[in-house]
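Undergrad: Please find one structure pasted underneath; my questions will follow.
The values are calculated or read from the model by the stated rules, or taken from the named source; none is laboratory data. For clarity, every value in this text was computed on a predicted model and none was experimentally measured. So basically every Cβ, Gly included, is an ideal-geometry build from the backbone, and we count neighbours across all protein chains shown. To get the accessible areas, we keep the full protein, side chains included, count just its heavy atoms, and leave off ligands, DNA and RNA. Shrake-Rupley method; radii C 1.70, N 1.55, O 1.52, S 1.80 Å.
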Amino acid sequence: MSAWNRSLAAAGITDPELRRDYGAQRRTVARFRRTAYLAVRLLLPSEVVPHVVVMTAVMHHGDNLLDTGPRPRREAAWASWQRRVRAGLESGASDEPLIRALLHTVGAYPRLRRTVEDYLRTAVAELEFDGFATEADYQDYVDAYSLPGFMLVAALLEPEDDDGSYRAACRTFIDGSQRLDFVNDLAEDLREGRTGIPAATLERFSVPADDLAAGRPSEGLRRLVDEQTGLARATLLESRGLVSLAAPAGRPLVRALIDIELLTADAARRRGTGLLSGAAGPPVPGAVRALARGRKAARQR
């Protein structure tokens with residue numbers, strides 16, 4: 001029996017059609033979020049893996065709908081997806097593999113229903129995003145879109161007796177991670193005609209938006225990248241408290257994810273204005289060490 005089939009069995013997913021539904025989501029996540037998929041497979045208990053895979057697939061599908069194509073098409077696609085998911089949550093049934101798998105996972109983890117509903121309600125912030133004027137606008141975006149999206153997966157690792165501390169620590173982590181994404185993905189965002197770096201920050205470092213759009217490096221941009229990656233790194237370090245707040249089974253994964261984000265922040269800082277040409281990734285040896293440490297901790301549970 002393959003590791004994936006063992007995970008399905010451990011999760012109590014025995015219906016053949018439902019197993020195919022989960023398998024389809026596994027292929028999607030393994031293709032588009034390979035590092036995250038590997039970490040999940042290595043570091044989480046088997047019975048949790050299919051559910052994390054499906055919630056990651058939901059997040060990925062939502063990102064695609066919200067980010068791909070002209071705004072009218074995105075708005076129509078998101079509205080249709082919202083209706084279909086809500087109808088499934090209401091009726092408990094769907095003819096779509098992703099929604100069927102989602103409904104089964106929500107049945108296994110009932111607290112996820114509110115998490116999904118919160119995400120559906122607030123994700124429209126991504127549709128409306130075309131850049132930020134100020135840091136406060138960025139923080140509003142984190143609250144409205146980044147955190148609810150992250151909680152789709154993070155809620156599976158939430159302790160039963162959370163008093164709000166876990167969600168607050170998740171908010172700290174996703175703030176650091178989202179800030180890192182915006183500076184690291186500068187080239188990709190510019191191709192789409194926008195940037196996640198607030199206009200006030202660009203002005204403070206004397207980096208005209210026209211220079212960014214033209215791909216012109218400058219000393220101001222170097223200093224901006226240095227500051228933004230430094231802020232992201234400091235916030236990610238602060239989020240280390242999330243490890244001890246997560247359910248014990250999830251702690252090796254959370255620790256590894258933070259470590260890999262820190263490696264990515266350091267790589268982006270080193271690349272500097274080179275981010276205009278493409279994003280930086282974590283050094284492979286460092287990422288492997290982070291996963292190996294997590295794997296050792298997972299085996300000691």
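Undergrad: Please work out which one of (1) open to solvent by less than 20 Å² (accessible area, probe 1.4 Å); (2) among the hydroxyl-bearing types (Ser, Thr, Tyr); (3) touching a His at 6+ places or on another chain (Cβ under 9 Å) is the condition THR28 fails and give its number.
TA: Failed condition: (1).
Undergrad: Quick check on segment 64-71. Is at least one of its residues among the hydrophobic types (A, V, I, L, M, F, W, C), assigned to a helix (DSSP H, G or I), surrounded by 14 or more Cβ atoms within 10 Å (Cβ to Cβ) and touching a residue at least 12 places away in the same chain (Cβ under 8 Å)?
TA: yes
Undergrad: Tell me which helices (runs of 4 or more DSSP H) are completely within segment 168-234 and hold 3 or more residues being among the aliphatic types (A, V, I, L, M) and open to solvent by less than 50 Å² (accessible area, probe 1.4 Å), or say none if there are none.
TA: Correct list: 186-191.
Undergrad: Then there is this: Only residues in segment 131-145 that are more than 19 Å from ASP67 (Cα to Cα) count as the first member; pair them with residues that are open to solvent by less than 30 Å² (accessible area, probe 1.4 Å) and assigned to a helix (DSSP H, G or I), Cβ under 8 angstrom, at least 6 apart or cross-chain, and list the lot.
TA: GLU135/THR201; GLN139/ASP175
Undergrad: Continuing with the same structure: For segment 87-109, how many residues are assigned to a helix (DSSP H, G or I) and on the phi > 0 side of the Ramachandran plot?
TA: 0
Undergrad: Go through segment 145-161 and give me each residue that's surrounded by fewer than 19 Cβ atoms within 10 Å (Cβ to Cβ) and within 11 Å of TYR119 (Cβ to Cβ).
TA: Passing the criteria: none in range.
Undergrad: So, one more: Could you list, in sequence order, the residues of segment 24-44 that are touching a residue at least 40 places away in the same chain (Cβ under 8 Å) and not in a helix (DSSP H, G or I)?
TA: Hit for segment 24-44 is LEU44, nothing else.
Undergrad: For segment 35-84, how many residues meet the condition of being β-branched (Val, Ile, Thr), in contact with a helix residue (DSSP H, G or I) (Cβ under 6 Å, 6 or more places away or on another chain) and over 14 Å from TRP4 (Cα atoms)? First the steps, then the outcome.
TA: Residues of segment 35-84 that are β-branched (Val, Ile, Thr), as a first pass: 35, 40, 48-49, 52-54, 56, 58, 68.
Now drop any that are not in contact with a helix residue (DSSP H, G or I) (Cβ under 6 Å, 6 or more places away or on another chain), which leaves 40, 49, 52-54, 56, 58.
Filter once more, keeping what is over 14 Å from TRP4 (Cα atoms): 56, 58.
Number of matching residues: 2.
Undergrad: I've got another one for you. Considering only residues of segment 109-144 that are small (Gly, Ala, Ser) and buried (at least 16 other Cβ atoms within 10 Å of the Cβ), which is farthest from the chain's Cα centre (by Cα)?
TA: Across segment 109-144, the extreme among qualifying residues is GLY131.
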